[in-house]
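S.K.: Got a structure for you, written out below as structure tokens; questions coming shortly.
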Amino acid sequence: MGSAPLAAVAAPEPPPEPALGAELRELEEISLALEQHTLADSTRRAYAGAWRTFAAFCAEHRLEPLPAHPETVRWYVAWMSVQTDPDGLPRFSVATIRLHLAGLAERHLRDGFLDPTGHRAVSDLVRGLIKLRATRPRRMRPLLLDDLLRVIGAMEHDVYPAGISAARDTAALWLGFAGALRRSEVAALRLTSLQLHPHDGIHVHVGRSKADPGNALPDVVVLPTGSSPVTCAPCALHRWLALVRLTETHDPTGLRRAIMRQLFGYQLDHHVCGAGTAPGLISSADLTAGTPLLRATYRNRHSGRIHATGVSGDALHTMLQTRLAAAGIDPTGYGFHSLRSGFVTQARRNGADFRDVRRQTRHRTDLMVDAYDRDYVPLAGNAVTDLGL
Ligand SMILES: [Zn+2]
């Protein structure tokens, strides 16, 4: 904030109402019609959209949108600059922020007010933002497969009560990594989102993406059967869902012993997803309820419980950081999104092409995948490897 208070923008005095003759009235209509043509339709729509966003911002913060004080516009620019999409990238580019300011200016000038976006305090802020954006955006560090296996390996799976949250967290980690799902998508999954497939593993029907509401493609990702039980995402889902089923079918007195028996009986070196000779722990009949897939758990030293309420995206984020620290990995720079970016990075390092990556991540364009490449897989698709060096 600058030290000097900003001058308020006052509306100029309206011109005196002239007594219009028939000819002047006709000219007034023509002038209005001409005015409609000063802006291209696309620009008019963009300005209208910008104005709606600004008006909503003002309403939320009880600020006057018209005429807006330059301070209000500064806050709006600051707000736009920190909005991110589910991939952690800026939601408003500098060009979009400029477009919004142009929309604000147009609306003010059209209604006879001074343009608050022309204020020095606003233009300084935009210049600062351009400098800041010239540096790289901060992105969650990708978690690669080796580290993921280390995190899962550090959990106590066949111990009561720690095994309850270990089963849930392992399932969540595989959904984020193998499924390349966003944390909000993982938190929103229901039992009915899963479909056991005799050959593929598990199909996960993801709800409509917030990042891409216009996407007409069916959002289905696949959790394939692992070549080993250690890398098998379906096994992790089966183990967790077996505990959920016990919670729903046992009364509180029998539940503790039933869960203990289940956990102690886990053989972590065997498939329990139906991939081997034995049937899976759960069947399609266990997936008919619309209840949350990943639930909040409670535990103290002696007992653990699975609640009926779903986990939040924030809880998933915290879980990942805690599990990383428990595995001896510094959690700085990591979050639940590290699983999705880990999927992209690991797949690109292993030679997957853009289209194959997008098939699972459901990115609309190659741009995002390319952005990950630049940061983490600089040799992928890079002709420097074709120089015969
Ligand atoms: Zn398996």
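The values are calculated or read from the model by the stated rules, or taken from the named source; none is laboratory data. As the structure is a computational prediction, the values presented were derived from the model and not from experiment. Virtual Cβ from ideal backbone geometry, glycine too; neighbours counted across all protein chains shown. The area values use the complete protein model at the heavy-atom level, side chains included, leaving out ligands, DNA and RNA. Shrake-Rupley method; radii C 1.70, N 1.55, O 1.52, S 1.80 Å.
S.K.: Please list TRP79, TRP51, TRP240 in order of solvent-accessible area, largest first, computed with a 1.4 Å probe with all protein chains present.
M.R.: On the way: TRP79 70, TRP51 35, TRP240 0 Å².
Ranking TRP79, TRP51, TRP240 by accessible area, largest first, yields TRP79, TRP51, TRP240.
S.K.: Now, a different point. If I model a spin label as a point 7 Å beyond the Cα along the Cα-Cβ vector, how far apart are those points for VAL230 and HIS307 in nm?
M.R.: Computed distance between label sites VAL230 and HIS307 equals 3.5 nm.
S.K.: Return the sequence-ordered ³J(HN,Hα) values of the range 154-168 in whole Hz as given by the Karplus equation 6.51 cos²θ - 1.76 cosθ + 1.60 applied to θ = phi - 60°, using x for Gly and Pro.
M.R.: These are the phi-based 3J(HN,Hα) values: 7, 7, 9, 7, 10, 10, 9, x, 4, x, 5, 6, 4, 5, 5 Hz.
S.K.: Then there is this: Would you calculate the separation in nanometres between label points at ASP124 and ARG355, each defined as 7 Å from the Cα along the Cα-to-beta-carbon direction?
M.R.: 5.3 nm
S.K.: Grab the Cα-Cα distance for GLU26 and ARG110, subtract it from 0.36 nm times how many residues apart they are, and report the gain in nm with one decimal.
M.R.: Net length gain for the segment: 28.2 nm.
S.K.: With each run of n ≥ 4 DSSP H residues scored as -39500 (n - 2.57), what mean residue ellipticity at 222 nm is computed for the chain after dividing by its residue count and rounding to the nearest 500 deg cm²/dmol?
M.R.: -15500 deg cm²/dmol
S.K.: Continuing with this model, one more query. Place +1 on the Cβ of every Lys and Arg and -1 on the Cβ of every Asp and Glu in the chain, take the dipole about the Cα centre, and give the residue among VAL77, VAL151, ALA48 whose Cα lies farthest towards its positive end.
M.R.: VAL151
S.K.: Going by amide H atoms built from the backbone, whose H comes under 5 Å of the H on ARG295, apart from near neighbours?
M.R.: Sorted by chain and number, the residues that satisfy this are VAL311.
S.K.: Run the accessible area of the chain with a 1.4 Å probe and give the carbon-and-sulfur part as a rounded percent.
M.R.: 55 percent
S.K.: So for the range 266-389, Kirkwood radius off the Cα pairs, Stokes-Einstein at 20 °C and 1.002 mPa s: how many µm² s⁻¹?
M.R.: Working: Rh = 18.5 Å.
The calculation lands on 116 µm²/s.
S.K.: At 7 Å along Cα-to-Cβ for each site, give me the label-to-label distance between ASP41 and ASP146 in nm.
M.R.: If labels sit at ASP41 and ASP146, their model points lie 5.7 nm apart.
S.K.: Send over the semi-axes of the chain's equivalent ellipsoid, whole angstrom and largest first, taken as the square roots of 5 times the C-alpha gyration tensor eigenvalues.
M.R.: Over the Cα atoms of the chain, the semi-axes work out to 53, 24, 21 Å.
S.K.: Need the full-extension length gain, THR288 to ALA95, defined as separation in residues times 0.36 nm minus the C-alpha distance. One decimal, nm.
M.R.: Taking THR288 through ALA95 to full extension adds about 64.8 nm, to one decimal.
S.K.: For the range 138-179, just run the numbers: alpha carbon Rg, then divide by 2.2 N^0.38 Å, N being how many residues it has.
M.R.: Working: Rg = 11.5 Å, N = 42, 2.2 N^0.38 = 9.1 Å.
Taking the Cα Rg and dividing by 2.2 N^0.38 Å, one obtains 1.27.
S.K.: Run the 1.4 Å probe and let me know the accessible area of ARG299, rounded to the nearest 10 Å².
M.R.: Surface open to solvent at ARG299 totals about 120 Å².
S.K.: Right, next: Could you run the Karplus curve 6.51 cos²θ - 1.76 cosθ + 1.60 with θ = phi - 60° over the range 302-310 and give me ³J(HN,Hα) per residue in whole Hz, x for Gly and Pro?
M.R.: 9, 8, x, 9, 10, 7, 7, 7, x
S.K.: Any idea what log10 I(q)/I(0) is at q = 0.08, 0.15, 0.16, 0.18 Å⁻¹ for the range 145-342, Debye with uniform C-alpha scatterers and no solvent?
M.R.: After summing over all Cα pairs, the log10 values are -0.24, -0.90, -1.04, -1.34.
S.K.: Moving on. Per residue, how much accessible surface does the chain expose to a 1.4 Å probe? Answer in Å², no decimals.
M.R.: Here the residues of the chain average 55 Å² of exposed surface.
S.K.: Shifting gears a bit: Just to confirm a number: summing +1 for Lys and Arg and -1 for Asp and Glu over residues other than VAL122 whose beta-carbon lies under 13 angstrom from that of VAL122, what do you get?
M.R.: Details: positive: ARG74, ARG98, ARG120, ARG127; negative: GLU71, ASP115, ASP124.
For residues surrounding VAL122, the net value is +1.
S.K.: Let me understand the range 22-132 better: what is its radius of gyration from the alpha carbons, and its Dmax, in angstrom?
M.R.: When restricted to Cα atoms, the range 22-132 yields Rg and Dmax of 16.2, 60 Å.
S.K.: Which trypsin sites (Lys or Arg not before Pro) in the range 60-118 sit in a loop by DSSP (not H, G, I, E or B) and have at most 11 other Cβ atoms within 10 Å of their own Cβ? Provide the component values of the computation, followed by the final result.
M.R.: Details: sites: ARG62, ARG74, ARG91, ARG98, ARG107, ARG110; in loops: ARG62, ARG91.
Here the sparse-neighbourhood loop sites are ARG62.
S.K.: Could you identify which residue out of LEU246, LEU194, LEU66 has the top mean-square fluctuation in a GNM of the chain using Cα springs shorter than 10 Å?
M.R.: The residue with the greatest mean-square fluctuation here is LEU66.
S.K.: If contacts are Cα pairs under 8 angstrom and at least 6 residues apart, what is the relative contact order of the range 65-185 in percent?
M.R.: Working: 79 pairs, mean separation 27.9, N = 121.
Contact order relative to length: 23 percent.
S.K.: With only Lys, Arg, Asp and Glu charged, each at its Cβ (+1 for the first two, -1 for the last two), find how big the charge dipole of the chain is about the Cα centre; round to the nearest 20 debye.
M.R.: 1480 debye
S.K.: Could you check which residue among ASP115, ASP251, ASP200 shows the biggest mean-square fluctuation in a GNM of the chain with a 10 Å Cα cutoff?
M.R.: Result for the chain, Cα springs under 10 Å: ASP251 fluctuates most.
S.K.: Measure out, as a whole number of angstrom, how far apart the alpha-carbon centroids of the range 354-388 and the range 231-303 sit.
M.R.: The range 354-388 and the range 231-303 have Cα centres spaced 37 Å from each other.
S.K.: For GLU60 and THR249 in the same chain, what is the full-extension length gain: residue separation times 0.36 nm, less their Cα-Cα distance, in nm?
M.R.: Values: separation 189, 0.36 × 189 = 68.04 nm, distance 4.57 nm.
The span from GLU60 to THR249 would gain 63.5 nm if fully extended.
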